[in-house]
Protein chains: 2
Amino acid sequence: MRLTTKGRYAVTAMLDLAINSSDSPVNLTEISERQAISLSYLEQLFAKLRRRKLVRSIRGPGGGYMLNATTDEISVANIINAVNESMDISRCEGRANCQDGQQCLTHNLWVDLSNRINSFLDDITIGQLIRQNEEQRKLRANQNDNHKIELNTIA
Amino acid sequence: MRLTTKGRYAVTAMLDLAINSSDSPVNLTEISERQAISLSYLEQLFAKLRRRKLVRSIRGPGGGYMLNATTDEISVANIINAVNESMDISRCEGRANCQDGQQCLTHNLWVDLSNRINSFLDDITIGQLIRQNEEQRKLRANQNDNHKIELNTIA
DNA sequence: AAATTACTTGAGTAAAATACTTGGTTATTA
DNA sequence: TAATAACCAAGTATTTTACTCAAGTAATTT
């Protein structure tokens, strides 16, 4: 599991797609403009997302991309792993003394941690993120309303 | 929060330090050899770790580095943030329409997620990782013993 | 005090990853 | 058939990573 700006671009683009897609597809030019990511870079990212079946494409005019599953079926880990295909190969792979040596105690510790991060991000879906943000927005809106009412009452 | 091989090197080195330090300091040459990380790269990483007060150095013969806090006071997030100093600047920073525009809805979603990842890794200390691994090792050892006993009994 | 050891610092560099550009092609729709 | 948008490939500038080399500084030992 790696977490770089590349993964962030992919998550951002997928969130944009999720938010802006109704029943009609969203084309990459729109996402490119909204999110300030170059079109061809988006093309590269979406080629990988499509290979992992996270999105499906519709060609021709009016075409674009659609999510290939519900927002609650697509995890952040799914997206990040899709665009970071090149596996992180461990250093000590192939070494004879790997299993028992001290260098591999720490290696195992890293693998454990890496797995924990992965399963953490696998439990966060883009649906969750969007709903959570929506609720926070509502909360803030209510607080503002209350504040206005208070002020009005005082005045 | 970024999670790259650089952060992994730092976490690995800190775990090595935690495991191999008694009351005397551990020098970077040892860590370099055990973990197969070049000495000068370790030097750069430890300069940053020292700036963040995660380790302290003892110079001169017999010198080296020691943890500057207990293993339970040092989180994985501490280590990773120490070596990845350059803050991830958000794309839309400074843009006028950032707060309300659609591009910043997704930006906020990303920031929320980033915060969640950060606090997740801030709750994992290197002490935890080491103890957890030790317990797993014991479990496996016991299972092996039981297996041997079973085999012996059968035979 | 001199020599040694070992950490410290900085400049420079090769290799890799990132982000993008260019220039196409193929499929679909109007 | 003309416009649109996905698809594809090759190439490139920039940044980051990981490292080398060299000079400097501090602490210890003899």
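The values are calculated or read from the model by the stated rules, or taken from the named source; none is laboratory data. Predicted, not measured: the structure shown is a model, and the values here were computed from it. Quick reminder, even Gly has a Cβ in these numbers, built from the backbone with ideal geometry, and neighbours come from all protein chains shown.
Key figures
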item: The range B:35-60 residues that are within 12 Å of B:A13 (Cα to Cα) and within 11 Å of DNA strand D (Cβ to nearest atom), paired with ones that are in a loop (DSSP other than H, G, I, E, B) and at pLDDT below 90 (beta carbon under 8 Å, 6 or more apart); result: B:Q35/A:R91; B:A36/A:R91; B:A36/A:C92
item: Complete set of residues in the range B:30-55 that are within 14 Å of chain A (Cβ to nearest Cβ) and of a type in the set (S, T, Y); result: B:S32, B:S38, B:Y41
item: Subset of the range B:78-116 [at the interface with chain A (Cβ under 10 Å from one of its Cβ atoms) and modelled with pLDDT of 90 or more]; result: B:I80
